[in-house]
Structures are given as structure tokens and as C-alpha cells.
1. With the Cα gyration tensor of segment 100-155 giving a ≥ b ≥ c as the square roots of its eigenvalues, does the rule (a/c under 1.5 for rounded; else a/b larger than b/c for prolate; else oblate) give rounded, prolate or oblate?
2. Considering all alpha-carbon pairs of segment 71-260, what whole percent are spaced by more than 21 angstrom?
3. I need the calculated FRET efficiency for the pair residue 100 and residue 233, taking r as the beta carbon distance and R₀ as 30 Å, to the nearest 0.05.
4. Only Lys, Arg, Asp and Glu count, each charged at its Cβ (+1, +1, -1, -1), so figure out the dipole size of segment 87-244 about its Cα centre, rounded to 20 debye.
5. For residue 174, what is the net charge nearby, where nearby means another residue's Cβ is under 12 Å from its Cβ and Lys, Arg count +1, Asp, Glu -1?
6. Arranged from highest to lowest average of other beta-carbon atoms within 10 Å per residue, in what order do the peptides 165-171, 219-225 appear?
7. Roughly speaking, what is the stretch gain from residue 210 to residue 146, that is 0.36 nm per residue apart minus the C-alpha to C-alpha distance, in nm to one decimal?
8. Rounded, prolate or oblate: which one fits segment 148-262, using the alpha carbon gyration tensor with axes a ≥ b ≥ c (rounded when a/c is under 1.5, else prolate when a/b beats b/c, else oblate)?
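We did not get these values from a lab; they are worked out from the coordinates using the rules stated. These figures come from a predicted structure and were not determined experimentally. In this analysis, Cβ positions are derived from the backbone assuming ideal geometry, glycine residues included, and neighbour counts consider all displayed protein chains.
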Amino acid sequence: MATNTPKTRKLHPLHIVLAIVVTLVLNIGGMILMSGLKDTSPPPVTSEVGKVTTFEVQAPREKRRPPAEKRSRQRVTKTQVSAVAPPNLPSSIQSPALLAAALEESGLSLHARMIMLGYRNLSSVTDALFDFMSTDWPISSQATSQSAAVAAVVEAINAVQTGLAQQDTGRDFVVCNFLRGIGSIARHVSGLQAWGCDGDEVVDLWKPEHGRFAAWANSGRFTQVHFYKRELVTKAETEGVRLKILCQVATARDIGLLQKYR
């Protein structure tokens, strides 16, 4: 009985060449892939691992342009009112003596003492005003170093006394009249510009949005603070400064009363 034996098929020479080419391509591709993985792997842990190389990246320097306020100040002639050195700020330690002298001169010492003892919230308003504006911000109407904060407190005491003479004796009326007097400082704050200078270089302009004037002046960036009288001040700006300062020094309840009886 005859057996069927499988026939051996001879490979065509082209097939052999194609197989060799495919094998070479796969081997080369695997080597390239492994080399790529080797480059992205972390460095080996050696005794040099603790040494770190840092690179300092310096941002491109922008051309410094003076602020808009400075450019306008250069175009408009202004009258310098006064200048104070920041080391003298804040002068809150001087505020009791300055205020006492101004009240004594105005004949309001006794009235002020009664108001401050009877209305602790108004005493806190006075302290907060000196803390926010210091006693170094001058009056805008004249070339003098008289404190605008002291003048505002004197006007507040005067407003309360005038109200009492007109039978405004209720607590709400006393508070409102006092805060109206305190708000009078807005015309002095909006009527002047305070420029912080480093020698002859103008550095910055203070605004109520910057916070406490003394803290700004004592930031270490200035050697002098110069006050310049403003020629044009709108009523809207003065009103905005008034509300900004009152919100810094008085409680929400007392400001609400002021708005209610305005």
C-alpha cells in the first residue's frame, strides 16, 4: 500500500529576500524604540544625585513709562503745597496733642470730651481717621502743614454742637452730624495729590484705594512725599473720596444712618 508523503515546496528566491528585509526592519525599529525610551528615563541614582543645577531666567525688561497721572502732571502746572519725609509718618502719636490744641483754640474741648465719652463709636471713628489718613495730610486750601484730619474732627464736633442747638439731640442725629463733619476731609484729600519720590524721581501717586496713607508713605520706596494742589476736581470725585474714607473709619450701621438722613 502506498503512503502519501508531503511535497516539499521550494521557496522562491524573492520570498527569501523579502523575509530578510522584514527581519532587518523589525530589528532596526526595535533598537530605535529602545534608544528613545532610554533617553526619556530618569537618570541613575548615584552619589551626584544631590547636586542640582539651577538656571536663572530673566524676564525681558519692559520700558518704564510714567503713569498717566505723572504725564498729566508734567503737562499741567501745579502748586506744591508741602513736602514731608516718610520717616515722620505715621504721626498718630502726635494726633492727641494736635487735636487737643485745635479743640482748645476753637473752644470745643469740653464739648469734644462729652461727645467722645458718650459715643464710643464716634471716638473709634476719630482714631480710625487718624490711622487711615495720619495727621500729615495737609489742608488743600492754603500752603500750610495744618492737618486735614484734625480739621475734619474739629468740624465734626462743631457740626454736632450746631445740631444740638437746633434740637437734633437724638443719637441718630448726633452720629449723622459727626460723620458729616468727618466727611469734610474729602475736599482736602481730593484737592491734593500726594506723590512719593525717590530723590528727583517720581515713583508713585497715592490714592484712597491704596489703603492707609502712612503705610503707603512708609513702604520704603520713597525719600519724600510731595503734595500738589489740583486745579480741577469734580463733585463726583470728591463724593467718591468721602464715601471711601467713611467706609474705612465708620461702621456699616452708622453709615446707613447717614445715608438715611442725608
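1. On the way: a/c = 3.08, a/b = 1.44, b/c = 2.15.
Oblate is the answer for segment 100-155, as a/c is 1.5 or above yet b/c matches or exceeds a/b.
2. Details: 9011 of 17955 pairs.
Distances greater than 21 Å cover 50 percent of the Cα pairs.
3. Numbers: r = 31 Å, r/R0 = 1.04.
Computed FRET efficiency for residue 100 and residue 233 comes out at 0.45.
4. On the way: 13 positive and 16 negative charges, 79 e Å.
The dipole magnitude comes to about 380 debye.
5. Local net charge: -1.
6. Numbers: 165-171: 10.6, 219-225: 16.1.
Going by the mean number of other Cβ atoms within 10 Å, highest first, we get 219-225, 165-171.
7. Full extension of this stretch gives 20.7 nm more.
8. Working: a/c = 2.58, a/b = 2.41, b/c = 1.07.
Since a/c reaches 1.5 and a/b is larger than b/c, the shape of segment 148-262 is classed as prolate.
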